[in-house]
Amino acid sequence: MEYLIYILSGIALGLILGYVAFVIVRKKQLEQEKSNILKDAKRKAENIKKDRILEAKERFMQMKGDHERSVQKQRQEMANIENRAKQKEQSLNDRMRDLQSKEGQVKSQKARFEAQAEGLKAKQAEIEKARDSQLQQLEKISGLTADEAKTQMIEAVREKAKNESLELANKIVEEAKLGATREAKRIVLQTIQRTASELAIDNTVTSFPLENDDMKGRIIGREGRNIKAFEAATGVEIIIDDTPETIVLSCFDPIRREIARVSLERLVKDGRVHPARIEEVVGKVRKNLEEEIVEWGERTVVDLGITGLHPELIRYVGRMRFRSSFGQNLLKHSRETARLSATMAAEMGLDVKIAKRAGLLHDIGKVPDTEEETPHALIGMKLCEKFGEHPDVINAVGAHHDEIEMNCLISPVVQACDAISGSRPGARRGDDQYIERIKEMEQMALSYPGVETAFAVQAGRELRIIMGSDKTTDENADTLAYELSNRIMTEMRYPGQVRITVIREKRSVGVAK
């Protein structure tokens, strides 16, 4: 056992001594590698150092060459500048010599002129003496002094100039009036043609259809209590006559008529018709209609592109939908006037937004329910002042019927557009002349031989005539258009212009059996 221990101890000692020897050898190898690496690093550093020195030398030589070239260039430029300066100095010296020579010439000429001036003075004195003697002789012959003759001559010339200036001024005024009238007609015609018009006739009654006549009794109620309650709640008169399945709502106020129509429609649809239900439905409809009025006002100002309008004025604009003037719907009339005003203002170079605003609000004074006898233009002007509108808008609203003086160019534009919208054919009720004029045009065309049919279209602005191809020729059609246009111009009165269109129609028909 001890022998085995000695053997193992010997082996362990040998392993330890071997490992120590390996470590010593490895350490020497690492030191050798380290020294080799350091030598390589030093060698590379020396090479890099030499390369950098060479690059620096080359860069220095390049910079030196550039510097020498720039110095040479600057020297050349300095030499050129010096040459130019010497040339300028030489030219200045030459000019100075020329000026000195010219100065001498001027002095000599001045001396000659002075001598000539002395001679002229002497001659002028002689002329003055001769003129004085002639004036004395003329005064003796005419019996007038020179001042008196001068005064008479001035008065004669002044009178002649005054007459000629008056004639010229009258001529200029006449030409200006002619040109202004022509230009105004052009602007008005272009404005009307560029603005789409719509017929806006309102009535004072509304017909309400019923499903059957039994509903009339339910609307009247026992002893008429339902119809009395309805008329008291709405302020509208209900007319029930022998007309089958129809009743009539009569009231001058379109808002009340609308409330009554919608309320009656709901009551008939619901079937419960009694005084309490009538008051409830009328109250709800009136509230809904107020909201609808505001929506109509907002929709109108948005469509026209008007911004910044006071909410109360927007409500008044919405109420225009339920107002009429001579049968013409007030909102449609105001919208049309706003568009016409904007177009005309654009033609004249005025503020289009202000013109459109004034055109929309010009009849706003017709909306409030007031018992005053104040003209609606002044009421509208006060409303615009109250809600902070532009001064030009206020003046245009107040002056569109000449209640106040116009002090801006927008006012006559709005006044003219209001008249255009109200007076165009078919705009308002009672325009019997418009209907008669259209009928007269058609009858006048039908009086010619070969005319089969004639139609007045576009509110009487165009007359279309259809002729048979077997009854006339193309030359006859041209002659008819010319003669009829002359006849209309001489025999009829009409706004704007009437276009005559003659159509010579040929139809070829074949039947296959």
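The values are calculated or read from the model by the stated rules, or taken from the named source; none is laboratory data. Since the model is a prediction, treat every value here as computed from it, not as a measurement. Cβ coordinates were reconstructed from backbone atoms using ideal geometry, including for glycine residues, and neighbour counts include every protein chain displayed.
Being modelled with pLDDT of 85 or more and either of a type in the set (G, A, S) or touching a strand residue (DSSP E or B) at 6+ places or on another chain (Cβ under 8 Å) (or both) narrows it down to one residue among A481, A454; which is it?
Values: A481 fails: modelled with pLDDT of 85 or more.
Sole residue among the options that is modelled with pLDDT of 85 or more and either of a type in the set (G, A, S) or touching a strand residue (DSSP E or B) at 6+ places or on another chain (Cβ under 8 Å) (or both): A454.
Any residue that is surrounded by 14 or more Cβ atoms within 10 Å (Cβ to Cβ) and among the basic types (K, R) - is there at least one of those in region 451-470?
Yes, the conditions are met somewhere in region 451-470.
State whether one or more residues within region 225-232 are at pLDDT 80 or above and outside any helix (DSSP H, G or I).
No, region 225-232 contains no residue that is at pLDDT 80 or above and outside any helix (DSSP H, G or I).
Would you check if V273 is under 30 Å from E389 (Cβ atoms) and among the hydrophobic types (A, V, I, L, M, F, W, C)?
So V273 fails the test.
List pairs: first in region 216-229 and not assigned by TED's automatic domain parsing to the domain that holds D270, second at pLDDT 75 or above, Cβ under 9 Å, 6+ apart or cross-chain?
Short answer, once both residue conditions are applied: none.
Filter region 257-296 down to the residues that are in contact with a strand residue (DSSP E or B) (Cβ under 9 Å, 6 or more places away or on another chain) and more than 17 Å from G217 (Cβ to Cβ) and list them by number.
Residues satisfying the conditions are R257, E258, A260, R261, E265.
Report, by residue number, each residue of region 401-437 that is of a type in the set (S, T, N, Q), modelled with pLDDT of 65 or more and farther than 20 Å from S334 by Cβ.
N407
Inspect all residues belonging to region 315-329 and state whether any of them is over 19 Å from I293 (Cα atoms), surrounded by 24 or more Cβ atoms within 10 Å (Cβ to Cβ) and among the β-branched types (V, I, T).
Checking region 315-329: not a single residue is over 19 Å from I293 (Cα atoms), surrounded by 24 or more Cβ atoms within 10 Å (Cβ to Cβ) and among the β-branched types (V, I, T).
Go through region 355-389 and report how many residues are assigned to a loop (DSSP other than H, G, I, E, B) and in contact with a helix residue (DSSP H, G or I) (Cβ under 6 Å, 6 or more places away or on another chain).
4
Please work out which residue is nearest to the chain's Cα centre (by Cα), limiting yourself to region 315-347 and to residues that are more than 16 Å from G359 (Cβ to Cβ) and of a type in the set (A, V, I, L, M, F, W, C).
Here the answer is F322.
Could you grab me the full set of residues in region 443-479 that are of a type outside the set (D, E, K, R) and either in contact with a Gly (Cβ under 8 Å, 6 or more places away or on another chain) or on the phi > 0 side of the Ramachandran plot (or both)?
Of everything in region 443-479, those that are of a type outside the set (D, E, K, R) and either in contact with a Gly (Cβ under 8 Å, 6 or more places away or on another chain) or on the phi > 0 side of the Ramachandran plot (or both) turn out to be G450, Q458, A459, G460, M467, G468, T472, N476.
Output the residue which, of all residues in region 343-375 that are touching a residue at least 24 places away in the same chain (Cβ under 8 Å) and small (G, A, S), is surrounded by the most Cβ atoms within 10 Å (Cβ to Cβ).
By that ranking, first place goes to G359.
Looking for whichever is over 30 Å from I394 (Cβ atoms), in the same structural domain as C417 (by TED's automatic domain parsing) and at pLDDT 85 or above here; the options are K284, K269. Which one fits?
After ruling out the rest, the residue left standing is K284.
Can you spot a residue in region 460-473 that is modelled with pLDDT under 85, among the basic types (K, R), in a strand (DSSP E or B) and over 28 Å from I420 (Cα atoms)?
No, region 460-473 contains no residue that is modelled with pLDDT under 85, among the basic types (K, R), in a strand (DSSP E or B) and over 28 Å from I420 (Cα atoms).
Mind listing whichever residues of region 393-413 are surrounded by 24 or more Cβ atoms within 10 Å (Cβ to Cβ) and part of a loop (DSSP other than H, G, I, E, B)?
Scanning region 393-413 gives a single hit, H400.
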